[in-house]
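Working notes, structure below.
The values are calculated or read from the model by the stated rules, or taken from the named source; none is laboratory data. This is a predicted model, so every value here is computed, not measured. All accessible areas refer to the heavy atoms of the entire protein, side chains included, with ligands and DNA or RNA removed. Shrake-Rupley method; radii C 1.70, N 1.55, O 1.52, S 1.80 Å.
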Amino acid sequence: MRAKRNSIFITTICAVYILSLLVFIISLAAEYKQGAFNSQNRFNSITRDLSRISKNYAPQSKKFYDEFLASLGNISDIAGLQIKYGEELIFSYPGKMSEFEKINSSLVKIYSTTVFTENGIPLSLTSSIYLLKPVSIFYKGRIAFIVVIIATLATAAYLAFFIKNGTFPKESETDDLEQTEYPEIESYDDFSEEKEEEQNNEENTNEANAETSENIIEQEETPQEQQEEDVLAFLNSEPEKEVDNQPEHSEDKNEVSAEEEPSGLFCPSTGFGWEQYMLTRLDSELIRSASSDQDLSLFTIKIKDIDWDSECGKEISKTILEKVKFNDLVFNYKEDGASAIFQNQNTDKSLVIAGDLHTEITSVLSKYNEQHFVGIGISSRTLRLISATRLANESEEALNRADADSPIIAFRVNPERYKDFLASESFQEETSSEQKEVNTEEKQEE
């Protein structure tokens, strides 16, 4: 709908520009075509007045000049005018002969005639009359300019509105994002080590970034100390799970890919991307946001036992797509949920968006008289170099803590404590590897 509205506005503005130019050109062309007839009538009128005045007043007399000037009236259509009494020049407009002789243009037509006075001395009249008056060009150009300025200001206001609300036209941007090739990330630990070196060299920057709250899951009814213990326990257990279960996960993934290979890019029931593609796209978006120094948030949404093929499910999926704005940033999550990537959104902004989305989803459920629990878990990059798997696990863990009293839970991270956690994990891995080497050497000696 928004793309259609943008197309209509752009078409209207372009039409205004083109019509303004066409009306300006056509009106000038019509006046120029009529100018040949009008200029002849104007010269004939000047000739009659000069003949009449010369019979009543002697040339070169004050009365002659006064009557002749009064008969000319508005001289905006006259480029030049000269009167000779015999061989003597008695009237000239413009005043200098050099300026009169320069009048030679396709917009001007020159007429000449001779009128005889009562004493038989000829009065030679030479007149240059505009076929297209400069004043007409000015006024018509001014009207066209005003119309173009109004259309330009309207366009600027329209663009400012979209930029301010962060909803600038999306179709071309979506295509660009789909076609962009992102570099592959070989190891998350490589990025964490580079980040640690940079942060050690920039201690002042780290102090400014340490203002974020401690590593907790944001939930009003849970005490802060208990939240910190739960989050740290979750983070400590996660690497072990990743290492221990890696063979099993690889086998499971092979089985799933062999049994359920998704057809196309999007699920026909929801319009979302397939769940198998989520981590790959999330990794790409994390790299892009890190290179642009922007934040990123991941929503994990669960609508318990929702039937996506029902009318209610289709309207809810449409609501989610409109909120995210890019259908290639929304993916299926299990059987009754969705994962959504929000670009350039920190935790606080994401909570506002999640609140609006939760309200819209519950409104759709009420409309169809259906009762389903709606929970949303949120996790943000928050200045971290983090892998897609870890961010997805944080968002899912936040969703697991959502309940009817607190349906929206955000995983809020302190970058400094997260860096310390990674450093401790790295130290433990080095210690364990050294211990293994020592044990191996002892066995070889035995």
What are the residues whose amide H is under 5 Å from the amide H of Gly80, where those residues sit 5 or more places off or on another chain and H is modelled from the backbone?
Ser128
Solvent accessible area, Å² - Tyr93, 1.4 Å probe, full protein context
90
Taking N as the number of residues in region 314-362, what is its Cα Rg relative to 2.2 N^0.38 Å?
1.10
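Using a probe radius of 1.4 Å on heavy atoms only, what accessible surface per residue do you get for region 38-139? Whole Å² is fine.
Working: 5650 Å² over 102 residues.
Normalised by residue count, the accessible surface of region 38-139 is 55 Å².
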Take Lys109, Lys55 and sort them by solvent-accessible surface of the protein heavy atoms, 1.4 Å probe, largest at the top.
Lys55, Lys109
Quick one: pull the percentage of alpha-carbon pairs in region 1-91 with a separation above 17 Å.
66
Mean separation of Cα contacts under 8 Å (at least 6 apart) over the residue count of region 1-159, i.e. the relative contact order in percent, is 29
In bins 10 Å wide, starting from 0, what share of all Cα pairs of region 33-167 does each bin hold, as a percent?
11, 32, 23, 11, 8, 7, 5, 2, 0
Counting only protein heavy atoms and leaving out ligands, DNA and RNA, the solvent-accessible surface of Cys14 at a 1.4 Å probe, in Å² to the nearest 10, equals 60
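What per residue convex hull volume, in Å³, do the alpha-carbon atoms of region 292-392 yield? Write out the running numbers ahead of the final one.
Working: hull volume 9.3 nm³, N = 101.
Cα convex hull per residue, to the nearest whole number: 92 Å³.
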Where Leu22, Leu391 fall by accessible area, highest first, once all protein chains stay in place (1.4 Å):
Leu22, Leu391
What the 5 Å binned alpha carbon P(r) of region 19-70 shows, as percent of pairs per bin from 0, is 4, 18, 18, 12, 10, 9, 9, 8, 7, 4, 2
Would you list Glu396, Glu87 from the most to the least accessible area, probe 1.4 Å?
Glu87, Glu396
